[in-house]
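The values are calculated or read from the model by the stated rules, or taken from the named source; none is laboratory data. All values reported here derive from a predicted model rather than from experimental measurement. Here the Cβ positions follow ideal geometry from the backbone for every residue, glycine too, while neighbour counts run over all protein chains shown.
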Amino acid sequence: MYLGKSEVNTFEKGAAQEILLTNGRRGYAFSSVIGVNTRQDQGLLVVPLPGSGGHGVLVSKVDETLAIGGRRFLLSTNRYRDMVYPDGFRYIQEYFETPLPSVLFVLHSVFVRKTIFMVPGQPWTVVKYEVLASPERFQLEIRPLMAHRQRNLPGERRSCQSFRSHEMPPQGLCVEGRCMKTFFNATEGEWFLKELWFEGMLYGGDGLGSHDLEDVWSPGYLSLDLGAGETVYLVMGHTPVPGDFAVLRRMEKDAEASFERPFPRALGAWSESAKGLVRSAASLVSLGGPEGEPAIFSGYPSLRDLARDTFVALPGLTLATGRTGVAGAILDRWLRLAERHDGVMPGEVLSDGTTPLGPVDGGLWFFYALDKYCQYVGSFDKISLHWQNLTKLLGRYEEGIPALDLVCGENGLLHLTTVNPERHWMSGEVEGVPVVPRRGALVEINALWYNALRVMERFADIVEDRRSARRFGEGADAVRESFTKTFFNTAQGSLFDWVDGDERDDDIRPNQLLAVSLPCSPLEPEIGRSVLEVCWNGLYTTYGLRTLDAHSGKYKGRCEGRPDQRRKAWYRGMAWPWLLGQFVSAFLRYNPHQRDLGALFLRPFLHRPGGLGGVAELFDGSMPYDPHGDAVSAMSVGEILRVMEEDLRPLGL
């Protein structure tokens with residue numbers, strides 16, 4: 001990824017290009033390529049806080065000033081309510097992603113490159129400055145700006161608890177305040193402890209319309225005398241950090257290796273343009289989750305440990321990239337978590353280790369992911385090993401799950417007895433009212449239910465459990481017979497979104513797509529083709545499928561207006577990339593000879609909209625198609641990678 005001067009020469013352009021770095025242990029550095037933060041959960045050093053169950057934004061950013069020949073040049077960019085000052089983005093000539101993300105500042109004949117990386121496995125962020133050219137020596141002042149607050153809380157103001165700092169010779173510094181502590185170290189330079197508050201920094205890019213102000217504090221600045229060919233490292237962390245040049249250089253090499261070659265198989269299989277997606281996959285998979293086991297994060301900066309997101313994203317993030325061992329460990333972990341609830345899959349693992357219930361589809365997506373895993377590894381040993389737990393997990397759906405407001409009707413379909421939006425993926429709520437009221441038999445829940453029954457029917461044959469194979473097969477037959485009768489809308493050639501007795505929702509939504517995209521479909525081919533065509537004509541956009549047909553009177557395709565209106569737009573018209581992955585699979589089911597067209601659907605994502613190197617959680621459903629939500633989303637990245645590997649890899653995307 002390369003951005004030239006024309007792509008960062010205004011505040012709006014530069015601030016819209018986000019960059020994300022991670023350490024694989026839930027820590028991250030997240031900002032824009034011009035260094036200005038636009039969201040309250042952005043920062044140069046954001047790490048889990050021991051014992052708190054949350055993340056802390058320790059270092060908001062660093063500001064740099066160059067003193068050359070009696071003149072001072074401010075390289076940083078900050079945004080306040082009424083102005084942008086300073087406007088150092090004017091000095092940026094380029095942003096380059098490899099071997100590590102860096103920006104090049106050019107001031108006449110002085111060229112300074114700034115590189116940022118996180119140390120894998122450590123709560124440390126490193127900033128490296130290289131003087132590529134300069135006719136004379138100059139002074140570089142680096143001033144850290146401290147936040148020291150919980151990530152998800154609004155920015156704090158100056159009246160809050162004060163900070164203090166003290167030096168740790170020769171180039172170390174410790175900052176304490178707001179019950180948090182940050183350590184700095186540098187390979188050279190001298191600290192000048194001159195406190196300074198930066199009041200009223202403005203964050204307005206969280207996608208929900210809030211505009212938060214924050215006062216950040218600086219302990220002073222690190223002063224360096226530099227000339228052409230010289231390099232200095234500044235490292236910051238939640239724990240004491242090294243200041244030895246050789247040690248930091250070695251860490252940089254390790255970061256380069258991690259950044260450039262996360263999965264050899266994946267990098268060999270796809271073209272250069274897909275490497276950023278594979279790197280994003282690496283950042284979304286943690287080898288040490290809350291319980292010390294592998295986990296998939298929902299995205300950055302949300303960093304939630306969600307069942308549905310995990311199972312939807314797992315095929316692309318792990319299997320398609322050759323990490324089958326990690327995939328197997330993740331599946332084992334979630335199956336054990338279900339045992340805590342007597343065979344019911346929890347919705348989430350919280351930072352304190354608790355596992356609350358939530359949506360009803362988590363357990364059904366589990367069978368989808370498990371089936372993909374068995375196909376990739378070419379073995380069914382895991383099925384035999386966990387057969388009792390697997391039959392219990394599916395059996396709970398057959399019995400009905402009162403804790404999830406779920407019953408299994410006489411017609412074999414699953415029914416929700418509540419309008420609680422937390423029970424399905426369209427979980428938006430505004431002032432206690434669901435954005436999309438849904439109840440009864442939901443179309444995607446029953447498509448997943450049918451797929452799970454067919455998967456377990458096949459697994460039962462493999463382990464030679466004839467009774468279970470017959471039971472699951474008969475259950476699937478019943479669902480298949482009821483599905484079309486219940487959901488097919490002959491007038492529109494589509495599927496009802498939900499059916500509750502005599503009430504039906506005929507809004508065109510993408511939930512019906514799962515009935516034709518999942519490996520096992522309950523629909524006859526001619527009906528499946530009709531559903532696909534309706535979704536294509538009414539919901540397809542460049543960056544995903546809309547959550548509502550644009551012709552609907554309830555359509556709201558852009559994330560704009562009041563916060564409540566923005567929240568409603570997520571499920572009333574905005575486009576989700578993970579649905580596009582399912583759309584491509586459905587398209588190729590009925591058009592197997594048009595794989596070149598299937599590739600065209602995914603090509604826009606190779607330009608990595610949203611966070612650089614990844615795919616955002618969702619996009620506007622109408623112009624200008626801006627990204628929103630998580631800058632890098634597990635479901636979005638996972639589904640794009642899955643389709644590339646499963647359906648399109650030989651095309652050489």
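Out of all the residues in segment 406-419, is one or more in a helix (DSSP H, G or I) and free of Cβ contacts under 8 Å to residues at least 60 places away in the same chain?
no
Give me a count of the residues in segment 508-544 that are in a loop (DSSP other than H, G, I, E, B) and crowded, with 21+ Cβ neighbours inside 10 Å.
Count: 7.
State yes or no: is ARG336 more than 18 Å from the chain's Cα centre (by Cα) and either modelled with pLDDT of 95 or more or crowded, with 23+ Cβ neighbours inside 10 Å (or both)?
When the stated conditions are applied, ARG336 passes them.
What single numbered condition from (1) part of a helix (DSSP H, G or I); (2) within 29 Å of LEU580 (Cβ to Cβ); (3) out of contact with any Cys (no Cβ under 6 Å at 6 or more places or on another chain) fails to hold for ALA469?
With respect to (1) part of a helix (DSSP H, G or I); (2) within 29 Å of LEU580 (Cβ to Cβ); (3) out of contact with any Cys (no Cβ under 6 Å at 6 or more places or on another chain), ALA469 is out only on (2).
Inside segment 550-566, can you point out the residues that are surrounded by fewer than 21 Cβ atoms within 10 Å (Cβ to Cβ) and either touching a strand residue (DSSP E or B) at 6+ places or on another chain (Cβ under 6 Å) or part of a loop (DSSP other than H, G, I, E, B) (or both)?
Correct list: ALA550, HIS551, SER552, GLY553, LYS554, TYR555, ARG558, GLU560, GLY561, ARG562, ASP564.
Among all residue pairs at least 6 apart or on different chains, which show Cβ distances below 8 Å where the first residue, located in segment 538-566, is over 18 Å from TRP576 (Cβ atoms) and the second is among the small types (Gly, Ala, Ser) and assigned to a helix (DSSP H, G or I)?
As it stands, the answer is HIS551/GLY538, since those pairs meet every condition given.
Looking at ARG546, ARG608, ARG567 in this structure, which one is closer than 22 Å to LEU442 by Cβ, at pLDDT below 95 and within 22 Å of the chain's Cα centre (by Cα)?
Checking each option against the conditions leaves just ARG567.
For residues that are in a helix (DSSP H, G or I) and either within 14 Å of VAL59 (Cα to Cα) or out of contact with any Phe, Trp or Tyr (no Cβ under 9 Å at 6 or more places or on another chain) (or both), tally how many sit in segment 14-39. Break it down stepwise before answering.
Going through segment 14-39, the residues in a helix (DSSP H, G or I) turn out to be 14-16.
Within this subset, residues satisfying the condition of being either within 14 Å of VAL59 (Cα to Cα) or out of contact with any Phe, Trp or Tyr (no Cβ under 9 Å at 6 or more places or on another chain) (or both) are 16.
Qualifying residue count for the region: 1.
Scan segment 443-457 and report the pairs whose first residue is buried (at least 24 other Cβ atoms within 10 Å of the Cβ) and whose second residue is basic (Lys, Arg), with Cβ atoms within less than 8 Å and a gap of 6+ or a chain change.
Sorted first by the residue in segment 443-457, then by its partner, the pairs are TYR450/ARG480.
Being over 15 Å from ALA515 (Cβ atoms), crowded, with 17+ Cβ neighbours inside 10 Å and more than 30 Å from the chain's Cα centre (by Cα) is the filter here, so list the residues in segment 413-442 that pass it.
Across segment 413-442, the qualifying residues are HIS415, GLY440.
How about segment 88-97: which of its residues are surrounded by 19 or more Cβ atoms within 10 Å (Cβ to Cβ) and more than 16 Å from SER76 (Cβ to Cβ)?
Selection gives GLU97 alone.
Out of LEU44, LEU100, report the one residue that is in a loop (DSSP other than H, G, I, E, B), under 22 Å from the mean Cα position of the chain (by Cα) and buried (at least 16 other Cβ atoms within 10 Å of the Cβ).
LEU100
Working carefully through the options LYS194, LYS181, find the one that is among the basic types (Lys, Arg), within 24 Å of ASN37 (Cβ to Cβ), modelled with pLDDT of 90 or more and in a loop (DSSP other than H, G, I, E, B).
Going through LYS194, LYS181 in turn, just one is among the basic types (Lys, Arg), within 24 Å of ASN37 (Cβ to Cβ), modelled with pLDDT of 90 or more and in a loop (DSSP other than H, G, I, E, B): LYS194.
Testing GLU399 on (1) farther than 30 Å from ALA281 by Cα; (2) surrounded by 21 or more Cβ atoms within 10 Å (Cβ to Cβ), one condition comes back false. Which one is that?
(2)
Restricting the search to segment 35-73, which residues are among the hydrophobic types (A, V, I, L, M, F, W, C) and farther than 17 Å from TRP197 by Cα?
Scanning segment 35-73 gives LEU44, LEU45, VAL46, VAL47, LEU49, LEU66, ALA67, ILE68, PHE73.
Where residues in segment 365-385 are over 30 Å from the mean Cα position of the chain (by Cα) and touching a residue at least 40 places away in the same chain (Cβ under 8 Å), which of them is farthest from VAL326 (Cα to Cα)?
SER384
Can GLU199 be described as over 22 Å from GLY54 (Cα atoms), assigned to a strand (DSSP E or B), in contact with a strand residue (DSSP E or B) (Cβ under 8 Å, 6 or more places away or on another chain) and modelled with pLDDT under 95? It would help to see each step written out before you state the result.
Numbers: over 22 Å from GLY54 (Cα atoms): yes; assigned to a strand (DSSP E or B): yes; in contact with a strand residue (DSSP E or B) (Cβ under 8 Å, 6 or more places away or on another chain): yes; modelled with pLDDT under 95: yes.
For GLU199, the condition - over 22 Å from GLY54 (Cα atoms), assigned to a strand (DSSP E or B), in contact with a strand residue (DSSP E or B) (Cβ under 8 Å, 6 or more places away or on another chain) and modelled with pLDDT under 95 - is met.
If a residue must be in a strand (DSSP E or B) and within 18 Å of VAL175 (Cβ to Cβ), how many such residues does segment 139-159 contain?
Number satisfying all stated conditions: 10.
Taking the condition of being of a type outside the set (Gly, Ala, Ser) and at pLDDT 95 or above, how many residues in segment 118-135 meet it?
Keep residues of segment 118-135 that are of a type outside the set (Gly, Ala, Ser), which gives 118-120, 122-132, 135.
When the remaining residues are screened for being at pLDDT 95 or above, the result is 124-132, 135.
Of the residues in that region, 10 qualify.
To keep it simple, each residue is scored yes or no on (1) surrounded by fewer than 20 Cβ atoms within 10 Å (Cβ to Cβ); (2) not in a helix (DSSP H, G or I).
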| position | (1), (2) |
| --- | --- |
| GLY573 | no, yes |
| LEU580 | no, no |
| HIS593 | yes, yes |
| LEU597 | yes, no |
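In segment 47-81, how many residues are in contact with a Phe, Trp or Tyr (Cβ under 8 Å, 6 or more places away or on another chain), without any contact (Cβ under 8 Å) to a residue 60 or more places away in the chain and not in a strand (DSSP E or B)?
1
Quick check, is ASP502 closer than 30 Å to ASP477 by Cα and not hydrophobic (A, V, I, L, M, F, W, C)?
yes
Do you know which residues across segment 1-43 are farther than 18 Å from LEU202 by Cβ, modelled with pLDDT of 90 or more and of a type in the set (Gly, Ala, Ser)?
GLY27, ALA29
Can you tell me which of ARG471, ARG480, ARG509 is charged (D, E, K, R), over 27 Å from ARG558 (Cα atoms) and out of contact with any helix residue (DSSP H, G or I) (no Cβ under 7 Å at 6 or more places or on another chain)?
On the way: ARG480 fails: out of contact with any helix residue (DSSP H, G or I) (no Cβ under 7 Å at 6 or more places or on another chain); ARG509 fails: over 27 Å from ARG558 (Cα atoms).
From the options ARG471, ARG480, ARG509, the qualifying one is ARG471.
Determine if segment 243-256 includes at least one residue that is under 19 Å from the mean Cα position of the chain (by Cα), modelled with pLDDT of 65 or more, of a type outside the set (Phe, Trp, Tyr) and part of a helix (DSSP H, G or I).
Kept after step one, since they are under 19 Å from the mean Cα position of the chain (by Cα), are these residues of segment 243-256: none.
No, every residue in segment 243-256 fails to be under 19 Å from the mean Cα position of the chain (by Cα), modelled with pLDDT of 65 or more, of a type outside the set (Phe, Trp, Tyr) and part of a helix (DSSP H, G or I).
With respect to PHE11, determine if the residue is among the hydrophobic types (A, V, I, L, M, F, W, C) and under 23 Å from ASP305 (Cβ atoms).
Values: among the hydrophobic types (A, V, I, L, M, F, W, C): yes; under 23 Å from ASP305 (Cβ atoms): no.
When the stated conditions are applied, PHE11 does not pass them.
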